[in-house]
1. Just one of LEU145, LEU204 is within 26 Å of GLY74 (Cβ to Cβ), outside any loop (DSSP other than H, G, I, E, B) and either in contact (Cβ under 8 Å) with a residue 24 or more places away in the chain or in contact with a helix residue (DSSP H, G or I) (Cβ under 6 Å, 6 or more places away or on another chain) (or both); which is it?
2. ALA154 fails exactly one of the following numbered conditions: (1) over 23 Å from LEU204 (Cβ atoms); (2) of a type in the set (A, V, I, L, M, F, W, C); (3) loosely packed, with under 14 Cβ neighbours inside 10 Å; (4) in contact with a Phe, Trp or Tyr (Cβ under 7 Å, 6 or more places away or on another chain). What is the number of that condition?
3. Specify the residue that is surrounded by the fewest Cβ atoms within 10 Å (Cβ to Cβ); the eligible residues are those in segment 35-63 that are closer than 22 Å to THR122 by Cβ and either among the polar types (S, T, N, Q) or modelled with pLDDT under 95 (or both).
4. It is to be established whether one or more residues within segment 162-169 are among the hydrophobic types (A, V, I, L, M, F, W, C), surrounded by 20 or more Cβ atoms within 10 Å (Cβ to Cβ) and within 26 Å of VAL55 (Cα to Cα).
5. Mind telling me which of the residues TYR174, TYR137 ends up being of a type in the set (Phe, Trp, Tyr), crowded, with 20+ Cβ neighbours inside 10 Å and either free of Cβ contacts under 8 Å to residues at least 40 places away in the same chain or not in a strand (DSSP E or B) (or both)?
6. Within segment 83-104, take every residue that is part of a helix (DSSP H, G or I) and either closer than 10 Å to ALA187 by Cβ or small (Gly, Ala, Ser) (or both) and give me the one that is nearest to the chain's Cα centre (by Cα).
7. Please go through segment 92-111 and give me each residue that is surrounded by 12 or more Cβ atoms within 10 Å (Cβ to Cβ) and among the hydrophobic types (A, V, I, L, M, F, W, C), ordered by number.
8. Kindly evaluate PRO134 against the criterion of being of a type outside the set (Ser, Thr, Tyr), modelled with pLDDT under 95 and more than 13 Å from the chain's Cα centre (by Cα).
Amino acid sequence: MIELLFAAGSMVAQSVSPATAAVAPQLRNAEDVITYSDYPEEALRRREYGITSIVLQVTAQGSISGCAVTESSGSPTLDRKTCAVYVKRARFTGATDATGQLIAAEFRAGTSWGVEDHQPSTLMSVPLLVKTLPPEYRDPVKARLLFDASGRVARCDVTTTSGSGAADRAACTYIRTILTVTPPKAATSDVAPVAVRYLTASYLVQPGETTAPR
């Protein structure tokens, strides 16, 4: 029942909000950072593939001061390439705190490297069946998910709202209970393992339900 999900969703509002930034760093050229032409030739020859998740240290001015691999693809070559390309090409608008001041902050991203019949994906699509669509709901909820060392959702950051704040929070609450990934392994022992995935959650009315929205 969507009413129950709304009630639970309100309990996680603080846990899905950035702890140090009121507005997180904004990646201005997401579509242009990594393309298939960046696939390292040696990795292609060895048929290496996988997902690399990274954490970038973004300065208040929007430049990148560091990059660490929080989920290894299993290929050191692909892991190194992911950081190298982000550091070289990514363009950010710096984060701001609650007072509007620019601050340094983290930005996390996941990159899928695929070859031939091996095409892992960072995208996750989940239908949410309800009796009635939530009030003000317009479009699917889109979010960045962070999975911890156990492979469970540790954080759900809404990147594109559905139009309904309650529906956004309810989607994050529900997703935390059902989604898991293979436990990530960081590239080095001094980095906490975190896997990054991108969620699209669509609210759908159950077949046969005709109850009007409340």
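1. LEU145
2. (3)
3. SER37
4. Scanning segment 162-169, I find no residue that is among the hydrophobic types (A, V, I, L, M, F, W, C), surrounded by 20 or more Cβ atoms within 10 Å (Cβ to Cβ) and within 26 Å of VAL55 (Cα to Cα), so the answer is no.
5. TYR137
6. CYS83
7. PHE92, ALA95, LEU102, ILE103, ALA104, ALA105, PHE107, ALA109
8. Considered against the rule, which asks whether it is of a type outside the set (Ser, Thr, Tyr), modelled with pLDDT under 95 and more than 13 Å from the chain's Cα centre (by Cα), PRO134 comes out as yes.
The values are calculated or read from the model by the stated rules, or taken from the named source; none is laboratory data. Keep in mind that what you see is a predicted model, and the values were worked out from it rather than measured. So basically every Cβ, Gly included, is an ideal-geometry build from the backbone, and we count neighbours across all protein chains shown.
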